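Here the structure comes first, spelled out in structure tokens, and everything after it is commentary.
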Amino acid sequence: MSSSEHNGPTHKIRYTLGLILGLLNVVPFLGTVIGLVIVLPLSYFQPDGGIGVLVVTILVFAVVQLIESWVLTPRIMAHRTGLPPVLVVISVFFWGIAFGGVAGMILAVPLTAFLVATWSQIKAGLTRSLSRSPN
């Protein structure tokens, strides 16, 4: 491979496509589907493509998505919100179903954090009022 192949227009397209697909992952699950719809035909129909490249693409995509979706994102969200990682994953599923899709998935962590914080405040208020009541 010559250095001109690394700096050609297809190399720039790869970086641009990677950036766009990375930004699409802000929308849970939908970003992954859109990414696959774009990447799979490109990997198969490229000049050096074919079934082998398609299979490798699917495997890499699956491994990266599994690590990102089930390990990195829940830990980052948990660290930022104080919610346990399992609750983050469950809340995405719950609110996605409750609000019928992507809107619920996007709002899942903020809604859950709000509910947990509200419950903590209510519980603390009840504890204070019960401890002040005469026996």
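Miscellaneous remarks
- Ranked by the mean number of other Cβ atoms within 10 Å of their residues, highest first, the peptides 84-96, 62-74 come out as 84-96, 62-74.
- Rounded, prolate or oblate (a/c below 1.5 giving rounded, otherwise prolate when a/b exceeds b/c) for segment 19-94 by Cα gyration tensor: prolate
- Remark: I20, I51 ranked as I51, I20, counting other beta-carbon atoms within 10 Å and listing the fewest first.
- Taking V39, V109, V56 in turn, the Gaussian network model of the chain (Cα-Cα springs below 10 Å) assigns the largest fluctuation to V56.
- Relative exposure of L54, L115, judged by other C-beta atoms within 10 Å (fewest first): L115, L54
- Segment 82-135: C-alpha gyration tensor shape, a/c 1.5 cut-off, then a/b vs b/c: prolate
- Mean Cα-pair separation over length for the chain, i.e. relative contact order, pairs under 8 Å, 6 or more apart, %: 14
- Per-residue ellipticity at 222 nm computed for the chain from its helices equals -26000 deg cm²/dmol, with DSSP H segments shorter than 4 residues left out and the rest contributing -39,500 (n - 2.57).
- Each residue of segment 69-78 was assigned a 3J(HN,Hα) from its phi angle through the Karplus curve 6.51 cos²θ - 1.76 cosθ + 1.60 (θ = phi - 60°); the sequence is 6, 9, 10, 5, 4, x, 5, 5, 4, 5 Hz, with glycine and proline shown as x.
- Shape category assigned to the chain from the gyration tensor of Cα positions, a/c cut at 1.5: prolate
- Ranking V64, V92, V26 by Cα position along the charge dipole of the chain, where only Lys, Arg, Asp and Glu carry charges on their C-beta atoms, puts V92 farthest toward the positive end.
Bear in mind these aren't lab numbers, they're just calculated from the coordinates by the rules spelled out. Because the structure is a prediction, the values reported are computed rather than measured. All Cβ positions, glycine included, derive from the backbone under ideal geometry; neighbour counts span all protein chains shown.
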